[in-house]
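The values are calculated or read from the model by the stated rules, or taken from the named source; none is laboratory data. Being a predicted model, the structure only gives us computed values, none of them experimental. Note that each Cβ is placed from the backbone with ideal geometry, even for glycine, and that neighbours are counted across all protein chains shown. For accessibility, only protein heavy atoms count, side chains too; no ligands or nucleic acids. Shrake-Rupley method; radii C 1.70, N 1.55, O 1.52, S 1.80 Å.
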Amino acid sequence: MAYEHIFTPLQVGSLTLENRILLPPMVTFGLSGADGNVTQDVIRHYAARARGGAGLLIVEATCVHPNGKLTEHQLGLWDDAQIEGHQMLTDAVHAFDRPVLVQLHHAGGKAVGDVRVSASAYEDHGRTARAMTERDVQAC
């Protein structure tokens, strides 16, 4: 088979992946709470993918600030209260002996709500964003 190497281990730094199959950060908007917390639905989703055998899982766009959400129901890591849910998600994936990473995210000018910041000021299809200040960056 031409692609048989896909099922062989891969060493990435100190991490050994069982195979070369990667679950990219595909968003499941709507499974998390409006508060950005991990729900049991999110945990079940990622545990099922880990059970399926992917060598590495990357958790979807996880917002670093409440004003940077792309949708109202998006995972977040802007508050220490959100850590416990992410730990439960990680534990569920690790139960299948799979490593897991998280994609940190800020929607910039595409963010929901009235406060939009981006690396630079811009307008796109009637949506505007102001340039982030140093204070904005520190808040993220």
From Leu89, Leu101, Leu77, residue being in contact with a helix residue (DSSP H, G or I) (Cβ under 6 Å, 6 or more places away or on another chain) and in contact (Cβ under 8 Å) with a residue 12 or more places away in the chain = Leu89
Which members of the stretch 105-122 meet the condition of being surrounded by fewer than 13 Cβ atoms within 10 Å (Cβ to Cβ) and at positive phi?
-> Gly113
When the residues of the stretch 13-41 are filtered to those that are outside any loop (DSSP other than H, G, I, E, B) and free of Cβ contacts under 8 Å to residues at least 40 places away in the same chain, which remaining residue is farthest from Gln82 (Cα to Cα)?
-> Thr16
Would you mind telling me which numbered condition in (1) under 16 Å from the mean Cα position of the chain (by Cα); (2) closer than 30 Å to Arg135 by Cα Ala81 fails?
-> (1)
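State which residue is nearest to Pro66 (Cα to Cα) when the search covers only the stretch 117-140 and only residues that are of a type in the set (D, E, K, R) and out of contact with any helix residue (DSSP H, G or I) (no Cβ under 7 Å at 6 or more places or on another chain).
The residue in question is Asp136.
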Would a scan of the stretch 123-135 turn up a residue that is open to solvent by 40 Å² or more (accessible area, probe 1.4 Å), at pLDDT below 95, among the β-branched types (Val, Ile, Thr) and outside any loop (DSSP other than H, G, I, E, B)?
-> yes
Extreme residue, least open to solvent (accessible area, probe 1.4 Å), among residues of the stretch 45-104 that are in a loop (DSSP other than H, G, I, E, B) and polar (S, T, N, Q) = Gln74
Selection from the stretch 64-81 of residues that are within 17 Å of Pro25 (Cβ to Cβ) and either modelled with pLDDT of 95 or more or touching a Cys at 6+ places or on another chain (Cβ under 9 Å) (or both) = Val64, Gly68, Lys69, Leu70, Gln74, Leu75, Gly76, Leu77
In the stretch 1-44, how many residues are surrounded by 12 or more Cβ atoms within 10 Å (Cβ to Cβ) and farther than 16 Å from Leu75 by Cα?
-> 10
Would it be correct to say that Ala95 is touching a residue at least 40 places away in the same chain (Cβ under 8 Å), under 30 Å from Tyr3 (Cβ atoms) and small (Gly, Ala, Ser)?
-> yes
